[in-house]
Structures are given as structure tokens and as C-alpha cells.
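Notes follow once the structure below has been shown.
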Amino acid sequence: MAVVIFKAVEKCNSNCIYCEVIKKHQDEIMNYDLLKLIFTRMNGYLETYPNESISFTWHGGEVCLLGPGYFKVALQLQEEYCRETKSRINHLVQSNLTLLTQEMIDVFKKLGIRQIGSSFEPIPNIRGFGTKRDSHVYNRKFMEGAKLLNQNNMNWGVIYVVHRLSLKMPLEIFYYLTNLNTRSHPNFNQVKIYSEDKNNLSVTGEEFADFLGAIFPVWYKNKERYPNIQPFSDYLRNVRDHDLSMVCESSGGCSHKWIYIGPEGETSHCGRTGDYNVLTYGNIKDLTFDEIMHHPLRDHLTERQSVLPETACKNCRFWGICHGGCPLDAYMTSHDFMQPSPRCDTTKIFMERYFEPITGLHADFPPQYVT
Amino acid sequence: MIDPILVCPFDKKLLDKLKRRKVVIHTNDLNVLPHILKEVNKSIDLHALKIQTEKPLSTIVFEEKWATLPMVIYSTDFGEFKDLMPQLGKIRKSNVRIFLSPHREHNFTGLRILSSLQISCGINFNGDPLNWSLMNDLMHYAIYGRAPHAPVEPFDWLVSHYHPADYTDYDFVYFNNPAKYLHINEKEQIALTETDLLNGNLIDEGIGSLDNIEENRKYNDSLNFRYEIMLRMNECAFCSAFRICLAKFSSLPNKKDTCKVFFSDFLDAADYYYSIKNSKGKHLWQL
């Protein structure tokens, strides 16, 4: 399955303190001609590969800035240009929910969207509107959006970005987020700041591991109450069930899976590389999906999976659950894809300090085990 | 269309207008029971009869003919067990649940006695300050007790309706959840809870307004009140047990030693009960 991170708009109505996308100051919105081309390209790809499907993630910026009319056009274009292949296009949405309306939800439903990914922050003035990041108004709008989704029986879940201010209150944040929506549980990600850390928000791998470690015993004891907290659920599945299928940065298999498409048709490897203009593959106007999916630059990432087990990750017993981590993280810190992600500290510390002593399980997945 | 059960007084004029609706009739007067019985047989779709009395339970004289009435008795006091004993047969034959006030310590013992005698019962857990330690003991008895006993509310209701992916409101037990119950008086004033009705905190007036209740803003806000709690970001929003207590004790000071401890234990019990209910059972090897 190909995963398209589609950013028809990179503008946002919010001014979240850690967001890298808004720093691009990209005000363009993808025009309808280009949107039509995207659907034509997807159709071509799906016709060539009859067993393939596309996960088409509407991402931003804030997608709701596009308005319901934009999504109606997308639906129309899909009907027209993907007549035989549309059943293999699975639409997903990432939104901050603050601009959500019933009209927007109605068209989302027509696109087959049944859940929305979002983010939330209980600590004030981290996510919010305007220069002061007014989180009070932002949170009220968010709740209105969440209410609307619940009234429409649509699921929503949040990613929580762990930053320096979160470190003081891991359990409170955990309880808040699991109280916010009992049906979907949060995914904890470490804040990623590669430029100057003006607000002193970055955290070390060890700090992030300790943050997770403060929550882990509570989660482990109450797994049925909070069934799918990431990264805990995946780590447990990996180690207990020897099921080493991971997603995104820990999968070791992102090389030929993702495509970022920006507002002007520019493409890159994934949403995050698109944010930093790394691994750019050219413009969709000039390239087919197939050409982008098999772009020679992607081979670096495939190669990384054979280089690391022989070098920096040799004999590492956590290889099977980390695979060297996110290639972009490695590149942004060392300008070399053939390095492990600096985030591997988190994995090692969390597993050795918390996961293994608490669960009594032992992770032993060095490269030779996995191959 | 939402069709709530209406909690109302025993008022013939009002009940005449509520004929096609399910009702909970509440009264403070045991003497009106014969009249209610007559009306029930004639025209009322009775969900339950709620009797609130200052009399100790042991002094209430149960009658055989009440056996058909779905009754809930709220008494302030258990009374004397020796006085209750001769009534046990009739109580057991009745379709009754007995609630006692949490403000008398011996009521907690009384509830265990009733439960152990297979009489459905419960604590009138209405948000007032109370003895949390006794509450916790009773909850443990109700949920973990191995000796056969009748349900003790709101514990039994909560654990049997609990699902980890949902919020669970035990106030259903007290007819105080607008998703199912609304409160109405003789003047056809409508409120979300009994207390709201008494305090004049109304959401609407007139029986006709019930037909479009889903369009009532206050009604809708009440169904979504948890978002308001999350926005306030007070202690309850960060509490592990919010999903079952729903900030009912938000005004209590020192939650760490009171509601928080009790509801965290209660939530553990709900999880325990849920896992037992959903386990496929342990199959021991056989000789």
C-alpha cells in the first residue's frame, strides 16, 4: 500500500509552537487542475498495479481551510478520473478540528472518511491562535469539533508531542488525553526541533524515555482500559509476540511506501521530508506516481537497512523494533542517511530501564535474528 | 426521536397528559400507594415508583399487593434488624430496590445485611460529602464479595454497564441522566435532574416541548457536559477515574484523600469485573 501525504494547503489557522510546516510560510493552495492531475496519476498507478491500494492522507497545514467545496471537487474528480480504481483509494484526514463543520463532515463521509487524526495539548499556549497562541479559544473550538464528530459517530484520535514542559506531568497528561476520548488513545511522539530551539522545548532521548517510563507502569497494569497507547502497544506486541511489524520511522520499510505531495505539486519522500525539503523527487506535473515511487533516491533508504546492521547497529538487540529509526532524523543531525537515528537512545533507555524490568520480557532482536 | 422516561409526582392531571409516555412516579407518602396501584392498572406506563421516606426501613409495613409494583424506596435509616426480620418474606417477594442514606454509618452494615439476604439495595450516593472509607468497603463487598448476595447499587450497575471505551454514568440508577430520564413537575416544568427541578433550574416548560427535546440547547449541552469539564482543566480532567465519576465531586476539596481514591478503586473493580465477564473461562485439566 502506498501512503500519500497530501498537503493541498500548508497554511494553518493555528500557530503551534513546535510546528515546522507553518515555518515554510507556504500560502499556496493547490489549484483544481493540479488536483485533477493527482487523481489522474493515482488512477494510472492503480491501473498498473491491480493489487495495490493508496492511503490518501489529507494533511496540512490545516485541511479545513480548504473548505467543504474543495473536498466536493476532489470527490467529483475521483468519481470521474478513478472510476474503476476509487475503491482502492482510502482517504484519511489529519486536522486540528477547530474549523470543522457539519458540511465538512458530510463530504468527508462521502469520501469514505470515518475517522480523523488530530493533536491536543492541555498545557496552555503551546497550541493556539495568533502570536500569543491563544489556547483557550483554540481548545474550545477543538472541543466543538470533537463534539461534532461524536454526534456523527466518527472516531478521532490525538497525537501528543512531548516537549520540555510536558516532562513535569507525564501521568497527568496521560490521564487527560485518555479522559478526553475513551475510544481512541494517544500516540506519544518526541518533539523534533532541528533548527534553533528558541523556546527551549526540545528534550533528550533520555528525557523522553523517562517521560514514557513514568506512564508505562500504569499502562501496563491497565492495558484493557487503555488498549492502544503508542509506542507501548507496539513494543509489547514486538517483544511478547515476536511480531516485528512496525510503522513509519521504526519499520525499516519506508523506502518505497510514502509520497509527499505539496500545494504546488512538489513531491518528496514523506510528510516530514517535505517539511524540510529533503529527499525531493520532483514535481507531479513531470513525473508519474510510478516514477516517484521508484525514484533512485529511495534506494539510499533501502541500502540503509543493509548498511546499519553491519555498522552502527551491529549486534544491537533492539534492531528488530527500531531498524535504525527515522532516516530523516539521522540525516538532519549527521547529514548522513547511513547513521542510526539519534532517537535510538530513547528506545534503548526505555526498554532497559522500564519495559524489560516491568514486563519481565526480554528483547533480543539483533540484525542476524531479523534476517 | 428521543423519548425520555419522565420522573414526575403522583398528580392525576399531569399523568393524564403523560399517558403515552413511560414514567417514574415519585412520592413521599406511602399512603398514596393504593391509588397509584389503581392508576397503574388503568392507564400508566410505569417504569418505577420512587418512594422517599424519612421513616426507617424497618418500620415500613410492606404489603402483599405491592408485589406487582416496580418500587424504589429511599430511606434515611436502616432501623432495627429485629423489626425488619418479620417483613423479609414480603420484601423478597416484592419487585423492590432499597436505597439507604450514606449519612448514617450503620446503614452501610444494613446494606450488607439486605444484600446478603438477596434483597436488591444501594447507597443513595448523591454527591454530598460522605464517608469515603465506608463507601470503599461497601464497593469491595458488592463487587469482590464471593458469598452470594444481591446487587448493591450503584456498584453493580456501573460494573455491569462499564466498557473501557466509554464513559459510564452510574446516575442512571438514581433516574438522573438526561440521556434516559427527565424530571417534570405539576406545572410541567422540565429539568435535567431532580435537584435541578427543586432549584428551579429548568430546561423547558410544557409537555409539548418534549417532542423536540433533541433541539433544546440546554439538553444538548448536558449530554456533552464532559467537554466542558475537559476545557476547565480542573483536577477532575486529569484524574484517572474521570470516565466513571464524570466530575460529580468537582467541588470537593482534598480529592486526593476522598473521591480520587474511591473512584480509582472503583474503576479497578470495574476493569476486574469486565475482564471476568469477557474471559472465556479457565479450563483446568482433568484427572
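The values are calculated or read from the model by the stated rules, or taken from the named source; none is laboratory data. As the structure is a prediction and not an experimental result, all values here were calculated from the model. We place every Cβ from the backbone using ideal geometry, glycine too, and count neighbours over all the protein chains shown.
Data table
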item	result
Scan of the stretch B:244-271 for residues that are facing chain A (nearest Cβ under 10 Å), touching a residue at least 12 places away in the same chain (Cβ under 8 Å) and in a helix (DSSP H, G or I), ordered by number	B:Leu267, B:Ala270, B:Asp271
Criterion: surrounded by fewer than 19 Cβ atoms within 10 Å (Cβ to Cβ) and either within 18 Å of the chain's Cα centre (by Cα) or not charged (D, E, K, R) (or both) - qualifying residue of B:Gly122, B:Gly145	B:Gly145
Qualifying residue in the stretch B:42-59 (condition: without any contact (Cβ under 8 Å) to a residue 12 or more places away in the chain, over 18 Å from B:Ala150 (Cβ atoms) and either assigned to a helix (DSSP H, G or I) or more than 17 Å from the chain's Cα centre (by Cα) (or both))	yes
Count - residues of the stretch B:163-198 that are crowded, with 20+ Cβ neighbours inside 10 Å and within 14 Å of chain A (Cβ to nearest Cβ)	3
Within the stretch A:166-186, considering residues that are modelled with pLDDT of 95 or more and surrounded by fewer than 20 Cβ atoms within 10 Å (Cβ to Cβ), the one nearest to the other protein chains (Cβ to nearest Cβ)	A:Glu172
Residue tally, condition more than 30 Å from B:Leu18 (Cβ to Cβ) and within 7 Å of chain A (Cβ to nearest Cβ), over the stretch B:209-243	10
Residues satisfying the stated conditions in the stretch A:127-163, i.e. away from chain B (no Cβ under 13 Å) and either crowded, with 16+ Cβ neighbours inside 10 Å or among the aromatic types (Phe, Trp, Tyr) (or both)	A:Arg127, A:Gly128, A:Phe129, A:Arg133, A:Asp134, A:Met154, A:Tyr160, A:Val161, A:Val162, A:His163
Identity of the residue in the stretch A:140-154, free of Cβ contacts under 8 Å to residues at least 12 places away in the same chain and either in a helix (DSSP H, G or I) or among the basic types (Lys, Arg) (or both), that ends up farthest from A:Ser118 (Cα to Cα)	A:Gln151
Meets criteria (in a helix (DSSP H, G or I), within 30 Å of A:Ile292 (Cα to Cα) and either in contact (Cβ under 8 Å) with a residue 40 or more places away in the chain or among the charged types (D, E, K, R) (or both)) for A:Glu249	yes
Check on A:Lys198, in contact with an Asp or Glu (Cβ under 8 Å, 6 or more places away or on another chain), within 30 Å of A:Asn277 (Cα to Cα) and assigned to a loop (DSSP other than H, G, I, E, B)	no
Test: residue in the stretch B:146-162 that is closer than 29 Å to A:Leu177 by Cα, within 14 Å of chain A (Cβ to nearest Cβ) and of a type in the set (Phe, Trp, Tyr)	yes
Qualifying residue in the stretch A:197-208 (condition: among the β-branched types (Val, Ile, Thr), under 21 Å from A:Cys322 (Cα atoms), away from chain B (no Cβ under 11 Å) and surrounded by fewer than 19 Cβ atoms within 10 Å (Cβ to Cβ))	yes
Residue list for the stretch B:193-243, filter: in contact with a helix residue (DSSP H, G or I) (Cβ under 7 Å, 6 or more places away or on another chain), in a helix (DSSP H, G or I) and of a type in the set (A, V, I, L, M)	B:Ile207, B:Ile213, B:Ile229, B:Met230, B:Leu231, B:Ala237
